[in-house]
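A.B. asks: Following this message is one structure expressed as structure tokens.
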Amino acid sequence: MSSVLPTRRLTAVRRSRRDLLRLMLLGGAGALAAACGQAAPAPAKPAAEPAKPAAAAPTTAAAPAKPAEAAKPAEAAKPAEATKPAEAAKPAAGAPAVKAGDAAGSITISLANEPSTLDPMFAPGTTEYNPIVNVMDGLFTTGENLAVVPRLAEAYKQVDDLTWEFKLRQGVTFQNGEQFNAEAVKVTYERSVDPNLKARNTWAADVNIEKIEVVDPYTVRFKTKTATPHMLARLANDHFIYPPKYLAETDPKTIARKPIGTGAYIFKEWASGDRIVLEANPGFWDSQKPTIKTVTWRWTPEHTARLANLKTGAIDLMEQLDPTSIAEVDADAKLKSLSIAGGRRVFAGFNTKIKPLDDVRVRQAINYGVDIEGICKAILGGATTRMKTWVNPPNESPNVKGYAYDQAKAKALLAEAGVGSGTKITFDLSASSYMKGSEFPQAIASSLRPLGIDVALNPVEPNVTTQMQRDRTTNGMYMRSTAPFFDAGLDFDIMRLNHAGNSMQWDDPEFQDLMKKMYSGGTPDERKQWSFQAQARMSDQAPMLFLWKQPEIYGTAKKVQGFTPSGDERLRVWRMSISG
């Protein structure tokens with residue numbers, strides 16, 4: 001195999017001469033747009049602080065078009081009235097029929113960054129979950145079109161408003177020989193709320209669990225404190241089951257480096273700074289067995305190096321293919337590009353505890369003052385457009401249209417807030433975590449300069465910026481994205497006041513009250529209306545600079561078969577095969 005270009009840590013913002021020219025042109029385009037009155041109809045004048053939701057709401061217009069290539073999102077999971085059996089796992093169309101142990105060959109997949117952990121209770125995002133999802137299983141997962149489907153759960157029913165019962169698959173064995181059963185589920189969920197562990201992802205708390213009862217070895221009941229309408233959607237969102245004996249006998253640091261689950265692949269090696277290696281699990285319980293024996297995960301922050309590795313055959317599949325490189329990949333006889341609109345929301349969070357960003361008028365002014373549509377066209381080649389509302393289709397409110405580019409409106413808001421020329425804001429960014437991750441902040445800074453806001457860019461390592469966000473020690477602005485959900489309630493997940501992802505520290509009682517209603521009850525119509533109200537409130541109060549929903553674009557060798565991009569961004573290798 002060809003050697004892989006060396007991984008390079010982010011130490012500075014680097015740009016090509018061509019990209020610098022683009023940014024210069026972008027600044028000119030923004031000024032031209034303002035001079036020509038390109039802005040959409042202006043919204044009502046914002047109220048003086050404290051801001052009133054309706055008066056300061058962004059522009060409203062016709063309903064936005066949905067992304068043409070988006071996978072059809074799943075409807076929110078509904079409580080069961082009776083036991084719902086799981087569908088039998090079936091091999092994907094065209095996948096070769098194999099038996100356990102038949103796997104052969106290898107695949108090398110390039111991520112943009114090195115995972116920070118392989119313990120899902122501490123995993124911050126997709127970078128970590130892609131290796132994990134191949135090693136561990138949860139009770140539910142997302143299937144085709146992002147529908148919630150059973151995984152280690154075989155059937156379920158909602159006994160009453162506060163009780164969910166799950167029938168578990170029998171004959172499933174963890175990779176260390178332990179049996180999967182109700183006790184494993186109980187231990188896993190109790191671990192997530194262990195105060196000594198201080199897990200990042202508190203699963204039991206997420207579903208309001210009061211206690212878990214083992215009814216029999218393969219039946220478990222969740223007793224919740226409140227009605228939990230999003231139970232199944234939550235359980236499908238990266239909730240993985242651990243082997244109890246391994247948990248009891250292993251320190252957390254080892255668990256973070258050596259995951260054990262019931263999944264298609266067995267963890268073999270993590271060479272820090274270089275690779276993670278998995279091997280096919282001959283005892284995998286699913287009828288769709290892995291056909292590729294060895295999976296090697298590598299990471300290369302710089303897009304040009306990832307792309308070079310793909311073209312030389314050093315890697316077989318890469319994430320975050322730059323939209324402007326699609327034609328180059330498709331022109332190569334050995335390669336192809338695959339994409340999906342996706343639901344990852346990219347934003348620039350505001351630390352709402354820091355001046356002047358504690359003033360809603362300043363936050364709104366920045367949203368009006370940056371030509372996001374122009375940036376999308378100039379840097380992403382129009383591959384996406386500005387996010388209008390936080391919630392993903394099909395649950396977005398038609399009444400929320402987002403912010404239009406209007407620098408005159410932005411200047412008026414800043415003047416009203418008493419923010420003068422020379423105001424300084426520090427912007428933390430991790431360039432390798434996003435498409436064109438250094439160019440976007442540069443363009444944002446360029447757009448804000450005419451408003452008298454001097455943005456100081458602060459390049460930070462991905463793991464460092466993740467920790468800063470978790471510790472809520474970010475500077476004024478920070479680049480961030482959040483994983484795609486396709487559930488009206490879970491779309492707001494990181495906006496919960498005590499959620500680790502709410503680094504904005506946005507504490508809005510009206511919004512939080514709507515969150516409590518959505519998460520604890522109501523009819524589907526009521527939850528829909530609360531969601532619409534929450535979307536309007538969030539857009540009005542602008543705890544972030546709303547950017548865009550990131551398209552998921554991959555470059556892959558044509559010999560890789562069975563890979564279809566998924567809206568949840570997971571790379572399920574056991575569904576792939578290698579031809580030739």
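The values are calculated or read from the model by the stated rules, or taken from the named source; none is laboratory data. Quick caveat: nothing in here was measured; it's all calculated off a predicted structure. Positions of Cβ are backbone-derived with ideal geometry, glycine not excepted, and every protein chain shown enters the neighbour counts. Only protein heavy atoms, including side chains, enter the accessible area calculation; ligands, DNA and RNA are left aside. Shrake-Rupley method; radii C 1.70, N 1.55, O 1.52, S 1.80 Å.
A.B. asks: Which far-off residues, 5 or more places away or on another chain, put their amide H under 5 Å from the one on Ile578, with H placed in the peptide plane?
C.D. replies: Counting only residues 5 or more places away or on other chains, the set is Gln561.
A.B. asks: Measure off, as a whole percent, the carbon and sulfur share of the 1.4 Å-probe accessible area of the range 422-528, all protein chains present.
C.D. replies: The C+S portion of the solvent-accessible surface of the range 422-528 is 47 percent.
A.B. asks: Residue by residue, what Karplus-based ³J(HN,Hα) values in Hz, rounded to whole numbers, does the range 419-426 have, using 6.51, -1.76 and 1.60 with θ = phi - 60° and x for Gly and Pro?
C.D. replies: My calculation for the range 419-426 gives 9, x, 5, x, 5, 10, 9, 8 Hz in order.
A.B. asks: May I pose another question? Just read off the accessible area of Ser577 with the full protein assembly in place, 1.4 Å probe, to the nearest 10 Å².
C.D. replies: Spelled out: Ser577, probe radius 1.4 Å, area about 20 Å².
A.B. asks: For the range 271-344, with every protein chain kept in place, what is the accessible area per residue (1.4 Å probe, Å²)?
C.D. replies: 33
A.B. asks: In nm, to one decimal, how far is the Glu526 label point from the Arg257 one, both placed 7 Å along Cα→Cβ?
C.D. replies: 5.1
A.B. asks: For the range 520-580, with every protein chain kept in place, what is the accessible area per residue (1.4 Å probe, Å²)?
C.D. replies: I get 33 Å² per residue for this part.
A.B. asks: Right, here's the next one. Given the whole protein assembly as supplied and a 1.4 Å probe, what does the accessible area of Asp330 come to in Å², nearest 10?
C.D. replies: Asp330 has an accessible surface of roughly 80 Å² with all protein chains in place.
A.B. asks: A further question on this structure: Would you grab the residues whose amide H sits under 5 Å from the one on Asp454? Only those 5+ places off in sequence or on another chain, please, with H modelled 1.01 Å from N.
C.D. replies: Close amide H contacts, sequence-distant or interchain: Gly422, Thr423, Lys424, Ile425.
A.B. asks: May I ask you to give the percent of accessible area on the range 230-350 that is carbon plus sulfur, with a probe radius of 1.4 Å?
C.D. replies: On the way: 2070 of 3990 Å².
With neighbouring chains kept in place, the figure for the range 230-350 is 52 percent.
A.B. asks: Sticking with this structure for a sec: Under a cut-off of 15 Å between alpha-carbon atoms, report the aspartates and glutamates in cross-link reach of Lys516, not counting same-chain residues fewer than 8 places apart.
C.D. replies: Asp206, Asp491, Asp493, Asp507, Asp508, Glu526
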